[in-house]
Amino acid sequence: MTGTWVSILPPLLAILLALLTRQIIPALLAGVWLGGWLLSGLTFSGLGTSLLDTIGVHIINALTDPDHMKIIVFTLMIGGVVGVIRRNGGTDGIVDVVTRWASTRRRGQVASGGLGVAVFFDDYANTLVVGNTMRPITDRLRVSREKLAYIVDSTAAPVAAIGLFTTWIGFQVGLIGDAVGKIGIDKSGFAVFLESLKYAFYPVLAVVLVFAIAASGRDFGPMAKAERRARVTGDVLRPGSQLGGSDALAEELAPKDDAPRRLLNAVVPLVVLVGTTLVGLLVTGDGANLIEVMGAGDPFSSLLWGSLLAVIVATVMSVGQRILTAAETVEAWFSGVKSVLYVVIILALAWALSAMAEKLGTAEFLAGALGETLPAALLPAIVFVIAAAVAFATGTSWGTMGILTPLAVPVAWAVLDAQGEATAAGHPILFACVSTVLAGAVWGDHCSPISDTTVISSLASQCDVIDHVRTQLPYALYAGGIALVAGLLPIGFGLPWWLAYAVALAALIVGLRLLGKRADEGQADDTEVTEVPREAEALR
């Protein structure tokens with residue numbers, strides 16, 4: 001059954017169950033179970049053994065992957081860092097300073113987006129740092145957790161995907177270099193990557209949309225309802241949300257009444273985390289220039305080093321200033337670790353389902369079924385849709401790029417060559433196809449409830465995963481639709497890339513103006529908020 005239409009059933013079942021029940025863990029378990037049953041040939045005995053294998057085989061295999069374990073460990077470690085700086089009053093120090101400027105809902109959202117762009121070098125580090133840092137601030141300003149999760153998610157992968165000094169670039173350039181090395185292009189993989197950035201419509205539009213929404217105060221779809229709830233009732237969380245934390249855990253992490261609220265107690269550990277990660281990328285990388293060195297670095301090891309040193313620095317500062325005892329610091333660290341255990345469970349299940357999709361040939365089936373007829377003018381748009389479909393079904397943008405880049409580049413070259421337009425210098429359609437594999441992978445990843453970045457963004461923002469997907473999906477579809485209709489389709493028919501960007505950006509802003517509404521039409525969005533929402537009281 002591998003490589004056939006049946007292969008899409010496990011991820012499809014998981015996605016449908018997650019959206020219908022709003023319960024991500026049972027949905028992922030059901031998807032893994034169905035995938036195991038398909039691999040067994042749908043036998044009666046396989047129905048029982050595949051259920052047992054969900055944990056005994058598939059999840060264990062996902063956890064034994066070294067890179068997966070590194071992600072889990074640094075996620076736990078960063079949770080520990082956040083626990084310590086919450087307990088020693090450092091987080092409240094950030095809140096006090098930032099809220100002096102971000103004293104309105106609009107400014108709070110803009111500040112969250114700005115921090116998301118600033119932590120550009122890795123999508124995992126971005127979500128964990130920005131979500132945990134800004135959550136107390138946005139809670140106080142009555143910005144819904146759904147909105148924070150959206151801002152965190154939409155300034156993570158899109159920024160990391162098109163940045164020149166990120167953990168993504170080595171992977172991307174390596175794939176592109178291998179692909180163009182098999183055709184007649186007289187350019188390096190890095191040169192092709194730079195050319196392709198002209199056509200990265202979705203990542204650019206996704207980031208612009210974040211700031212347009214934040215600055216205008218306008219929302220549409222389920223997000224508008226969530227923002228109205230937070231603004232009017234003070235409930236930054238939907239009642240009944242499924243979260244990894246609890247009121248008891250929030251009380252454990254609350255700073256002592258007499259603890260000083262010092263900004264440096266939070267900033268210094270976070271700077272150590274970011275700085276060590278950047279240095280680690282440079283030390284572990286190799287290349288002819290800074291960009292290549294950083295792109296070839298080991299992001300997982302670098303993040304591990306950064307999180308370890310951040311924990312040590314936070315501990316030394318807490319104990320050295322006599323804010324916490326050694327025992328209290330350990331307790332705070334462990335409480336922070338407990339707050340991210342939920343994401344570890346979901347990540348393990350998502351990885352198991354992704355591995356199941358790989359065994360069943362889900363991506364290959366989708367690529368073959370959707371890409372049999374590829375007219376040259378429509379090629380960038382079609383590749384964009386295929387990449388999005390694969391990423392949505394598998395929950396991994398990197399896996400999508402790894403599968404489709406070696407397929408899309410030769411196909412684009414063959415189509416151009418058949419029409420006599422293939423040259424050693426390349427062609428805009430070829431460069432656009434390289435970019436749309438990346439952009440489509442990020443687009444599909446944003447729409448998928450089984451994506452690891454979706455899960456991490458939700459957990460860092462302490463937002464229900466399904467609530468995050470339901471509220472972000474219309475925004476992702478909106479930006480992706482404009483990228484497709486106003487960007488990639490005109491590019492295929494010869495419109496200059498800069499003019500396509502002008503049209504796409506104008507459509508994005510005008511459409512938001514027409515579709516969006518303020519959370520409270522009767523009150524300006526820049527009104528200062530001084531009352532603390534009920535859901536945020538435990539954070540103060």
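Just so you know, all these numbers are worked out from the coordinates, no wet-lab data involved. Every value quoted in this text rests on a predicted model; they were computed, and no experiment measured them. A quick note on method: Cβ atoms are made from the backbone with ideal geometry, for glycine too, and the neighbour counts reach across all protein chains shown.
Dividing the mean sequence gap of close Cα pairs (under 8 Å, 6+ apart) by how many residues the chain holds gives a relative contact order of 27 percent. Helical runs assigned H by DSSP (4 residues or longer) give the chain a calculated mean residue ellipticity at 222 nm of -22500 deg cm²/dmol, each run adding -39500 (n - 2.57) before division by the residue total.
Cα gyration tensor of the range 472-511, axes a ≥ b ≥ c as square roots of the eigenvalues: rounded (a/c below 1.5), prolate (a/b > b/c) or oblate? Cα axes put the range 472-511 in the oblate bin.
Packing here is the average count of other Cβ atoms within 10 Å per residue, and on that basis the peptides 61-70, 384-393, 206-215, 433-442, highest first, run 433-442, 384-393, 206-215, 61-70. Out of these labelled values of semi-axes √(5λ) of the Cα gyration tensor in Å, (i) 70, 26, 18; (ii) 47, 31, 19; (iii) 37, 27, 24, which was calculated from the coordinates shown here? Read-out taken from this structure: (iii). Taking a 32 Å limit on the Cα-Cα distance, which of the listed pairs LYS70/LYS198; LYS70/LYS147; LYS147/LYS338; LYS147/LYS198; LYS70/LYS359 fall beyond it? Result: LYS70/LYS198 exceed 32 Å. Extension gain, GLU328 to LEU51: 0.36 nm times the residue separation minus the Cα-Cα distance gives 95.5 nm.
Computing FRET efficiency as 1/(1 + (r/R0)^6) for ARG100 and VAL316, where r is the C-beta to C-beta distance and R0 is 25 Å, gives about 0.35. Multiplying the residue separation of ASP186 and ALA118 by 0.36 nm and subtracting their alpha-carbon distance yields 21.0 nm. By the count of neighbouring beta-carbon atoms within 10 Å, fewest first, HIS468, HIS446, HIS427 end up ordered HIS427, HIS468, HIS446. Modelled this way, with points 7 Å down the Cα-to-C-beta line, the labels at ASP417 and VAL271 are 5.5 nm from one another.
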